[in-house]
Amino acid sequence: MTLKDQFEQLKKDAEAELAFLKDEKTWEHVRTEYLGRKGKLADLMKELKSAAEQEKPFLGEMANRAKRELTDAFEKARRNVTGKRNEHAAFDVTLPGATFSTGHEHPLTTMQSEVADIFRSLNFSVVEGVELEDEWHNFEALNIPSTHPARDIQDTFFVKGDAGEKGRRVMRTHTSNMQIRVMETYTPPIRAVVIGRVFRNEATDASHQHSFHQVEGFVVDEHISIANLVHTLQAMLSGVFQKQVTVRLRPSYFPFVEPGFELDFACVNCNGRGCSVCKRSGWVEMLGCGMIHPNVFKAVGYPRGTYTGFAFGMGLERLAMMRYGIDDIRHFLGGDIRFLQQF
Ligand code: PHE
């Protein structure tokens, strides 16, 4: 066998042995046998000396390569063996398990499904609705005349394009558009809640964003009264805050309700004693509501004087901020993982 073949053979032998290694101890043993000072490789190297002078550079290079390859093969085998050993070692049940983290719901999503569940338990249907709206559904049918300041370019995002039969296209400024769309489609009794995104061309600060979410609820039937409104909202807030919540109404104005109210609830943080959350007043302003205006029923073609109903609209972010103690609305869309990981 030529010296070259002997080197080849050595490599093959070593590889064959390495393939069957089971533990680090045998690995060490085999390594000494091949790579040790008095090992097989060293023996072969010695024979280089007696090779013909003109062959020496070539053989030397080959020997060095064989040594490199062998060393690599042993290193690889060692990694295999140590890995294998862990795999087959006695299983220590007291070791902590391998943990991996998965993502989780955004706090707004959680809030949204909780609110939806509460309303479902009160027998409401949950609907979503359109975000790109026309002026008629967003304003006109809700008794908001074209002269109303809410229509102002300052507040409303108008979408480019020609005005249609129902006016220009707008990004809905509130979820109240869905009062109209639902009432257009269904006849009472209606119990519906809409949770979705709304858009306002406003400057951003700790409590304002150009897009946010509203929860809109409305009930239409014969003999619906303010008492039904109060009870429903109290039940909803008690569900969200997991305790009995006290509410109060203050007169307010929205074109699509009459009478219209602002609903406050007794601060859940201090139980009405006064704290920083309720600005020491003991009450927190929560939402706008009222009894649906007859002009709204007229717009959707309901017969006159047959139905009454209530409606309310509130900010989902505001609710989540109260619930989780979040101080800045911009966190929700900020995408900061440190914020999100807290939920
Ligand atoms: N749409 C009103 C708003 O965006 C809230 C509201 C809804 C008020 C329903 C009364 C009844 O501010």
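Any read-out appearing in this document is the output of simple, stated calculations on the displayed coordinates, not a laboratory observation. None of the values given here were measured: they were computed from a predicted structure. For neighbour counting, all protein chains shown are included, and Cβ atoms are generated from backbone atoms with ideal geometry for every residue, glycine included.
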Rounded, prolate or oblate (a/c below 1.5 giving rounded, otherwise prolate when a/b exceeds b/c) for segment 165-291 by Cα gyration tensor: oblate
Reachable lysines, given that their alpha-carbon falls under 24 Å from the alpha-carbon of Lys279 and they are not under 8 places away in the same chain: Lys243
Spacing of the two label points (7 Å from each Cα toward its C-beta) at Lys46 and His223, in nm: 11.3 nm
The chain - Cys residues lacking any other Cys C-beta under 4.7 Å: Cys289
Gain on full stretching of the segment that runs from His148 to Lys76 - 0.36 nm per residue minus C-alpha separation: 18.2 nm
Under 13 Å, Cβ to Cβ, from Phe256 - net charge with Lys/Arg +1 and Asp/Glu -1: -2
Hydrodynamic radius of segment 49-152 per Kirkwood, over alpha carbon pairs, in Å: 23.5 Å
Fraction in percent of alpha-carbon pairs per bin - 10 Å, segment 74-215: 9, 27, 23, 12, 6, 9, 10, 5, 0
Among Asp92, Asp117, Asp134: highest mean-square fluctuation, GNM of the chain, C-alpha pairs under 10 Å: Asp92
MRE, 222 nm, helices only [DSSP H, n ≥ 4, -39500 (n - 2.57), over the chain, to nearest 500]: -12500 deg cm²/dmol
Distribution of pairwise C-alpha distances over segment 301-340, 10 Å bins, in %: 22, 33, 14, 15, 14, 2
Rg and Dmax of segment 3-82, Cα atoms only, in Å: 13.4, 44
Among the listed pairs Lys12/Lys56; Lys11/Lys49; Lys25/Lys49; Lys4/Lys25; Lys160/Lys298; Lys166/Lys298, those beyond 28 Å (Cα-Cα): Lys25/Lys49; Lys4/Lys25; Lys160/Lys298
Stokes-Einstein diffusion coefficient of the chain, Kirkwood radius over Cα pairs, 20 °C, 1.002 mPa s, in µm²/s: 81 µm²/s
GNM result for the chain, Cα springs below 10 Å: residue of Val30, Val245, Val130 fluctuating most strongly: Val30
Within a Gaussian network of the chain (alpha carbon springs, distance under 10 Å), most fluctuating of Leu35, Leu122, Leu95: Leu35
5 angstrom amide H check on His213, placed H, neighbours 5+ away: Val198, Leu316, Glu317
Eligible aspartates and glutamates near Lys67 by straight Cα distance, threshold 20 Å, same-chain separation 8 or greater: Asp5, Glu8, Asp13, Glu15, Glu17, Glu28, Glu33, Asp43, Glu47, Glu55, Glu75
